[in-house]
Structures are given as structure tokens and as C-alpha cells.
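Peer 1: One structure, pasted below without further comment.
The values are calculated or read from the model by the stated rules, or taken from the named source; none is laboratory data. Here the structure is a predicted model, which is why all the values come from computation and not from measurement. Backbone-built Cβ (ideal geometry, glycine too); neighbour counts: all protein chains shown.
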Amino acid sequence: MKIQQIHHVAYRCKDAKETVDFYTKYLNMDFMLAISEDRVPSTKEPDPYMHLFLDAGKGNILAFFELPNSPEMGRDENTPQWVQHIAFQLEDEEALMQAKTDLEAAGIEVLGPTDHGIIKSIYLFDPNGHRLELTTVTATDDQLKKLDEVKWEMLDEWTKSKSTVKKADWLHASEFSK
């Protein structure tokens with residue numbers, strides 16, 4: 001088996017209309033499809049839902065479920081909020097900074113930009129509380145090559161020690177030395 005691509009990633013939403021409005025208005029995604037049924041096709045359980053699909057570009061689909069008969073949605077409280085997020089790539093730094101300006105002008109709180117050494121990112125929350133990252137790649141071929149050369153060694157070292165592996169600490173070296 002060889003995976004071709006991710007078809008879609010699905011998250012829960014509080015309000016289907018509000019979610020579609022946010023992603024179409026602020027992130028310029030096209031609303032592709034809505035499906036609503038009384039039973040879950042895979043389990044046959046009775047559970048009415050609205051399932052939404054949004055075009056995230058280049059064959060990537062972002063989906064949401066509104067589940068009105070389920071308890072109010074929350075998040076995994078044992079995982080820090082910064083870990084669980086959806087990242088969307090923009091064309092370049094100019095597009096990233098324009099997105100920040102546009103989102104802030106619309107009254108949306110934006111964190112960043114943050115320079116990760118190989119990408120620059122800004123962060124915001126959608127109306128459901130999902131953390132979003134808008135990012136652009138800033139890496140050089142040499143940087144990517146250096147990271148590729150140490151990836152397995154880093155993973156093996158982490159697996160054994162469960163402590164920070166310093167083989168790519170050059171990514172944020174100047175930021176943390178301040």
C-alpha cells in the first residue's frame with residue numbers, strides 16, 4: 001500500500017454556518033460540499049450530523065462535523081493548546097504579512113509572526129476554538145538537507161532518552177540566546 005495523499009482531515013465545529021462563513025470569508029476557501037444524515041454510515045448509529053467540506057487548495061480538503069445531539073465540544077485538556085492546530089501554507093512572506101494585516105483589520109487576534117528558522121508563521125483561532133497557523137516556507141536547500149541528514153538519528157535519540165535532542169538547535173539559536 002502507498003498513500004497517495006490526505007483526502008480530508010475532519011474536525012468538529014460548534015456551528016456549521018459560522019464555520020463555513022469564517023473559512024470562506026477570512027481564509028478564502030471554497031465551500032465544496034455539505035452532507036447531512038440521521039445515521040452514521042460506518043457504524044449505523046442514530047446521530048444526526050452536518051458534514052462540511054472546504055477546499056484548502058491543491059487537493060487538500062478540510063472537513064467539519066456539527067453534532068447537535070452530542071455534549072458540547074471541548075479540547076484535549078491534557079495537551080497544550082499550541083500543540084493541536086491546523087497549519088495552512090501561504091505563498092511567501094508578503095502574503096503572510098498581508099494575511100496578518102487583513103485578519104487584524106477584521107478584528108481577529110493574531111499572534112506572530114514567529115520565525116521558526118525554516119518557516120515563518122502567524123497564529124489565530126477559528127470560531128470553534130481550533131488553533132490555526134498560517135505559514136510560509138523560508139528554508140534554504142542547505143537547511144533542509146541538514147535537517148534531513150539528522151532526522152533518523154534525532155528520532156532514535158529521542159526514543160531512547162525522551163529528552164531534547166540538540167542536532168537541530170540552530171533553528172532557534174539566535175532567538176533563544178537573546
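Peer 1: Give just the number: which of (1) farther than 16 Å from I6 by Cβ; (2) crowded, with 16+ Cβ neighbours inside 10 Å does L62 not satisfy?
Peer 2: For L62, the exception is condition (1).
Peer 1: While we're on this one: Name every residue in the stretch 1-34 that is within 18 Å of N60 (Cα to Cα) and assigned to a strand (DSSP E or B), in order of residue number.
Peer 2: Of everything in the stretch 1-34, those that are within 18 Å of N60 (Cα to Cα) and assigned to a strand (DSSP E or B) turn out to be H8, V9, A10, Y11, R12, D30, F31, M32, L33, A34.
Peer 1: Same structure, new question: How many of the residues in the stretch 75-123 are part of a strand (DSSP E or B) and either hydrophobic (A, V, I, L, M, F, W, C) or loosely packed, with under 13 Cβ neighbours inside 10 Å (or both)?
Peer 2: 6
Peer 1: Sticking with this one: Which residue is nearest to Y11 (Cα to Cα), if the candidates are limited to the stretch 55-104 and must be among the hydrophobic types (A, V, I, L, M, F, W, C) and touching a Pro at 6+ places or on another chain (Cβ under 9 Å)?
Peer 2: L67
Peer 1: Right, here's the next one. Can you say whether F65 is touching a His at 6+ places or on another chain (Cβ under 6 Å), under 19 Å from K17 (Cβ atoms) and in contact (Cβ under 8 Å) with a residue 12 or more places away in the chain, as far as the supplied structure shows?
Peer 2: So F65 passes the test.
Peer 1: I've got another one for you. Step by step: first the residues of the stretch 124-138, then only those that are touching a Phe, Trp or Tyr at 6+ places or on another chain (Cβ under 8 Å) and not in a loop (DSSP other than H, G, I, E, B), then the one that is farthest from K14 (Cα to Cα). Which residue is that?
Peer 2: Looking at the filtered set, the residue picked out is T135.
Peer 1: L144: touching a Ser or Thr at 6+ places or on another chain (Cβ under 6 Å) and part of a helix (DSSP H, G or I), yes or no?
Peer 2: No: the conditions fail for L144.
Each row is one residue, and each column tells you yes or no for (1) at pLDDT 95 or above; (2) in the same structural domain as D38 (by TED's automatic domain parsing).
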position	(1), (2)
F53	yes, yes
L62	yes, yes
G74	no, no
N78	no, no
E91	yes, no
M97	yes, no
T101	yes, no
A106	yes, no
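Peer 1: If I ask for residues that are surrounded by 11 or more Cβ atoms within 10 Å (Cβ to Cβ) and outside any strand (DSSP E or B), which ones from the stretch 47-58 would you list?
Peer 2: If the condition is that a residue be surrounded by 11 or more Cβ atoms within 10 Å (Cβ to Cβ) and outside any strand (DSSP E or B), then A56, G57 are the ones that fit.
Peer 1: Given E109, E93, which one is closer than 24 Å to A173 by Cα, of a type in the set (D, E, K, R) and touching a residue at least 12 places away in the same chain (Cβ under 8 Å)?
Peer 2: E93 is the lone residue from the list that is closer than 24 Å to A173 by Cα, of a type in the set (D, E, K, R) and touching a residue at least 12 places away in the same chain (Cβ under 8 Å).
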